[in-house]
Amino acid sequence: MGHRFQSSMLVKKSINYDIDKQLCRDTMTWTSYHHTTKDSRLMYLPLQSERLYERIVSQIEQRIEAGDLKVGDQLPSERELAEQFAVSRTAVREAVKALHQKGLVEIRPGRGTFITNETPDTIRNSLGMLMKFGGKNGSMNLVEVREILEPEIAALAATRITDEFITAMRDAVTIMDTALDNVDVFVEADLDFHLALAEGTQNPFIPILMDSIIELLREQRKSIGLTKGGLRRGQIHHKKILDSVTRRDPQYARLAMQGHLQQVREDSKASTVETV
């Protein structure tokens, strides 16, 4: 037990990196930050942003890519990360969840969170990166993938979904109704809606497939959200999809999802034109 504790401490110390460059990026200096704390293990920066968890994810990704965090290294505890980033533990939990969805960390109950295998390649090849740097056709390519997958996901869910996931979808719709003028809140509820639908298929592989494109969906929906009326149009289709699975009607569910994706295709084209 003592050896394990000592090993864990060595890992944490081994990933304590030169933070000066990162501090410059965040318009802070290591000197001023260093004088505010006595914890020599600190490796991350206090953050001030509306989407704190995304910035936490970004810093950890950068450390993995740089080789400062290696396969098998353990991240500090949730409490320690919250203190180091100067954020709430909720923000840290969201960040760890996002890292897990990207395949960058493994959460071991009772033991902690660990960097997983092949993480540098995972970052370079992440679908989120492709959406950002994959060229002007990235959004249309994603629509094609969704058109192949999601109508059948909806149809299957209509035959298998339980009340638990219908409730989750309904809750997401309620949030979206109140967030038509708040793109960030709407998009997160939108993602929850589609993930609940995938879970409703009772096929464990399908949520994994949806998780693999979650970052692309987030980027796409944010882009559409900037198009006039885009969120309201999407919400009309969300309600049709919810109605179809509630009625356990697979044909209606398939058609409802196809209609939704046609709307996504049109709004994606419009958003591309508006940003040119």
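Structure values in brief
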read-out	value
Odd one out for Q202, checked against (1) part of a helix (DSSP H, G or I); (2) surrounded by fewer than 18 Cβ atoms within 10 Å (Cβ to Cβ)	(1)
Any hit, the stretch 207-214, residues being farther than 29 Å from L104 by Cβ, out of contact with any His (no Cβ under 8 Å at 6 or more places or on another chain) and polar (S, T, N, Q)	no
From the options S212, S268, residue that is crowded, with 19+ Cβ neighbours inside 10 Å and hydroxyl-bearing (S, T, Y)	S268
Considering residues of the stretch 86-98 that are surrounded by 13 or more Cβ atoms within 10 Å (Cβ to Cβ) and either out of contact with any helix residue (DSSP H, G or I) (no Cβ under 6 Å at 6 or more places or on another chain) or at pLDDT below 85 (or both) only, the residue farthest from I214 (Cα to Cα)	A86
Any pair with Cβ under 8 angstrom, 6 or more apart, that starts in the stretch 198-221 at a residue that is farther than 17 Å from D163 by Cα and in contact (Cβ under 8 Å) with a residue 24 or more places away in the chain and ends at one that is assigned to a loop (DSSP other than H, G, I, E, B) and of a type in the set (G, A, S)	E215/S126
Candidates S223, S212, S244 - the one that is under 13 Å from E150 (Cβ atoms) and in the same structural domain as V143 (by TED's automatic domain parsing)	S244
Cross-chain or 6+ apart pairs with Cβ under 8 Å, the stretch 148-164 first and surrounded by fewer than 21 Cβ atoms within 10 Å (Cβ to Cβ) and at pLDDT 95 or above, then not in a helix (DSSP H, G or I) and not polar (S, T, N, Q)	T159/R248; R160/G200; T162/G200
Any hit, the stretch 224-238, residues being within 18 Å of E152 (Cβ to Cβ), of a type in the set (A, V, I, L, M) and at pLDDT 90 or above	no
Residue match in the stretch 247-256 (condition: surrounded by 16 or more Cβ atoms within 10 Å (Cβ to Cβ), modelled with pLDDT of 95 or more and in contact with a His (Cβ under 6 Å, 6 or more places away or on another chain))	no
Candidate set: the stretch 69-84, residues that are touching a residue at least 12 places away in the same chain (Cβ under 8 Å), in a helix (DSSP H, G or I) and touching a helix residue (DSSP H, G or I) at 6+ places or on another chain (Cβ under 7 Å); chosen: the one surrounded by the most Cβ atoms within 10 Å (Cβ to Cβ)	L81
Scope the stretch 205-240; condition within 20 Å of the chain's Cα centre (by Cα), of a type in the set (A, V, I, L, M) and in a helix (DSSP H, G or I); matching residues	I206, I208, L209, M210, I214, L216, L217, I224, L231
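The values are calculated or read from the model by the stated rules, or taken from the named source; none is laboratory data. All figures in this text were calculated on a predicted structure; none of them were measured in a lab. Positions of Cβ are generated from backbone atoms using ideal geometry, with glycine treated the same way; all protein chains shown enter the neighbour counts.
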